[in-house]
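Worksheet for the structure shown next.
The values are calculated or read from the model by the stated rules, or taken from the named source; none is laboratory data. As the structure is a computational prediction, the values presented were derived from the model and not from experiment. Glycine gets a Cβ as well: all are built from the backbone with ideal geometry, and neighbour counts include every protein chain shown. In case anyone asks, the SASA skips ligands and DNA or RNA and just uses the protein heavy atoms, side chains included. Shrake-Rupley method; radii C 1.70, N 1.55, O 1.52, S 1.80 Å.
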Amino acid sequence: MNKQDLIAIVAEENELSKAQAGRVIDSVFDAIVESVAKGDGFQLIGFGSFKAVKRDAREGRNPANGETIKIPATTLPKFVAGAAFKAAVAKKKCCKKC
């Protein structure tokens, strides 16, 4: 599924135009990004949570020549699936009939 598929589903299930559904989805994504960027995180009970995690500076290797390089510290987004989401995914993969 991609963003256009999601827009089509939201539009159909809520009797909206695709343009309206697209704006709603963009607003949701913007709110999640803004919240995580501020360091607040974003949690949807049962679905999961988004948060910012800090990665320390470290050394790595250039695969082309084996040279040691410095990788700077950074902050990355992280998603942790909620219990209901995990259960739904596990249930669908339990057998071919599901």
With +1 assigned to the C-beta of every Lys and Arg and -1 to the C-beta of every Asp and Glu, and no other charges, what is the dipole magnitude of the chain about the Cα centre in debye, to the nearest 20?
640 debye
Charge tally in the Cβ shell below 15 Å around LYS51, where Lys, Arg are +1 and Asp, Glu are -1, LYS51 excluded:
+2
If you build a Gaussian network model of the chain, linking Cα atoms that sit under 10 Å apart, which residue out of ILE69, ILE45, ILE32 swings the most?
ILE69
I'm spelling it out carefully: the read-out is Kirkwood radius over Cα pairs in Å, the candidates are (i) 16.9; (ii) 13.7; (iii) 15.9, and one was derived from this structure. Which label?
(i)
Top of ASP56, ASP40, ASP26 by mean-square fluctuation, Gaussian network on the chain, Cα under 10 Å:
ASP56
Rounded to one decimal in nm, the spacing of the 7 Å Cα→Cβ label points at MET1 and LYS91 is 1.5 nm
Under the rule of -39500 (n - 2.57) per DSSP H run of 4 or more residues, summed and divided by the residues of the chain, what mean residue ellipticity at 222 nm is obtained, to the nearest 500 deg cm²/dmol?
-14000 deg cm²/dmol
Accessible-area composition of the chain, carbon plus sulfur, in percent [1.4 Å probe]:
56 percent
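As an exercise, identify the chymotrypsin sites (Phe, Trp or Tyr not before Pro) in region 26-98 lying in DSSP coil whose Cβ has no more than 15 other Cβ atoms within 10 Å. Mind showing how you got there, number by number?
Details: sites: PHE29, PHE42, PHE47, PHE50, PHE79, PHE85; in loops: PHE47.
Listed in order of number, the matching sites are PHE47.
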Projected onto the charge dipole of the chain (+1 at Lys/Arg Cβ, -1 at Asp/Glu Cβ, origin at the Cα centre), which of LEU6, ALA84, LEU16 gives the Cα projection farthest towards the positive end?
ALA84
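Considering Cα pairs under 8 angstrom that are at least six residues apart, work out the relative contact order of the chain and quote it in whole percent. Intermediate results must be reported in sequence, preceding the final value.
Values: 106 pairs, mean separation 18.7, N = 98.
Result for the chain is 19 percent.
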Leaving out ligands and nucleic acids, note down the accessible area per residue over the chain with a 1.4 angstrom probe, in whole Å².
82 Å²
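Within the chain, which is the longest segment that contains none of the GluC sites (Glu not before Pro) sitting in a DSSP loop with at most 11 other Cβ atoms within 10 Å?
Numbers: sites that count: GLU15, GLU67.
Longest stretch, sites excluded: 16-66.
Let me check I've understood the local charge: for GLY39, count other residues with C-beta under 13 angstrom from its C-beta, Lys and Arg +1, Asp and Glu -1. What total comes out?
Details: positive: LYS38, LYS51, LYS54, LYS78; negative: GLU34, ASP40.
Residues near GLY39 contribute +2 overall.
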